[in-house]
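Each remark here refers to the structure printed beneath this line.
The values are calculated or read from the model by the stated rules, or taken from the named source; none is laboratory data. Nothing here was measured: the structure is a model prediction, and the numbers come from that model. Here the Cβ positions follow ideal geometry from the backbone for every residue, glycine too, while neighbour counts run over all protein chains shown. Ligands, DNA and RNA are stripped out before the accessible areas are found, and what is left, the full protein with its side chains, is counted by its heavy atoms. Shrake-Rupley method; radii C 1.70, N 1.55, O 1.52, S 1.80 Å.
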Amino acid sequence: QVRLVQSGGGPVQAGGSLRLSCQVSGNIDYRANLGWFRQPRAKPREALAALDEDGNERYADSVKGRFTISAARDKKDFYLQMTNLNFNDSAWYYCAAGVTLDGEDWPPSEYRYWGQGMEVTVSA
């Protein structure tokens, strides 16, 4: 019932910036955690950023200080602002949302709803 649709992926030069968007349809719970993940080719999915129901932000070490997660008040739209991109950021990026009972917002298994994914390719 809840669906997430992504936009904003594409090619970008190293050192550049890109903003990914996720639009949420359906009845999203106000307690939902929001997250961004990426999956390089032939590698596991990696958590990048999360925003919990209290507005707390969490980031992977690899993107800390470069990526920022944000959301509209009603959580119908949320974003990942990426800056100072490098080649290692090239991957498929996914937005996700879900309600957890244990307060955990990092593992992919904590998220029920996922966007379709979009490719980000960073060139030198």
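Here's the list of aspartates and glutamates a cross-link from K43 could span, going by alpha-carbon distance under 15 Å and ignoring same-chain residues fewer than 8 apart: D89, E119. Loop sites by DSSP among the trypsin sites (Lys or Arg not before Pro) of the chain, restricted to those with at most 10 other Cβ atoms within 10 angstrom, leave 74-124 as the longest stretch without any of them. Extension gain, R41 to S123: 0.36 nm times the residue separation minus the Cα-Cα distance gives 28.0 nm.
Within a straight-line Cα-Cα reach of under 19 Å, K75 can be paired with the following aspartates and glutamates, leaving aside sequence neighbours fewer than 8 residues apart in one chain: D29, D52, E53, D54, E57, E104, D105, E110. Distance between the modelled labels on R3 and R73, one decimal in nanometres: 2.7 nm (7 Å Cα→Cβ projection). In order along the range 38-44, the phi-based Karplus estimate (6.51 cos²θ - 1.76 cosθ + 1.60, θ = phi - 60°) of 3J(HN,Hα) comes to 9, 9, x, 4, 6, 10, x Hz; Gly and Pro are listed as x.
In plain terms, the chain from Q13 to S62 could stretch by 15.8 nm, reckoned as 0.36 nm per residue minus the Cα-Cα distance.
For N88 and D29, a Förster radius of 30 Å and the Cβ-Cβ distance give a FRET efficiency of 0.30, rounded to the nearest 0.05. Taking all protein chains into account, the per residue accessible area for the chain stands at 56 Å² (1.4 Å probe).
Computed over protein heavy atoms with a 1.4 Å probe, the carbon and sulfur contribution to the accessible area of the chain reaches 46%. Note that the range 106-118 has calculated 3J(HN,Hα) couplings of 10, x, x, 5, 7, 10, 8, 10, 9, x, 6, x, 9 Hz, one per residue in order, obtained from phi through the Karplus relation 6.51 cos²θ - 1.76 cosθ + 1.60 (θ = phi - 60°); glycine and proline are x.
For the range 20-28, 3J(HN,Hα) computed residue by residue from phi via the Karplus equation (6.51, -1.76, 1.60; θ = phi - 60°) reads 9, 10, 9, 9, 10, 10, x, 8, 8 Hz, glycine and proline entered as x.
What shape does the range 48-101 have by the C-alpha gyration tensor, where a ≥ b ≥ c are the square roots of the eigenvalues, rounded means a/c under 1.5, and otherwise prolate means a/b greater than b/c and oblate the rest? In terms of gyration-tensor shape, prolate.
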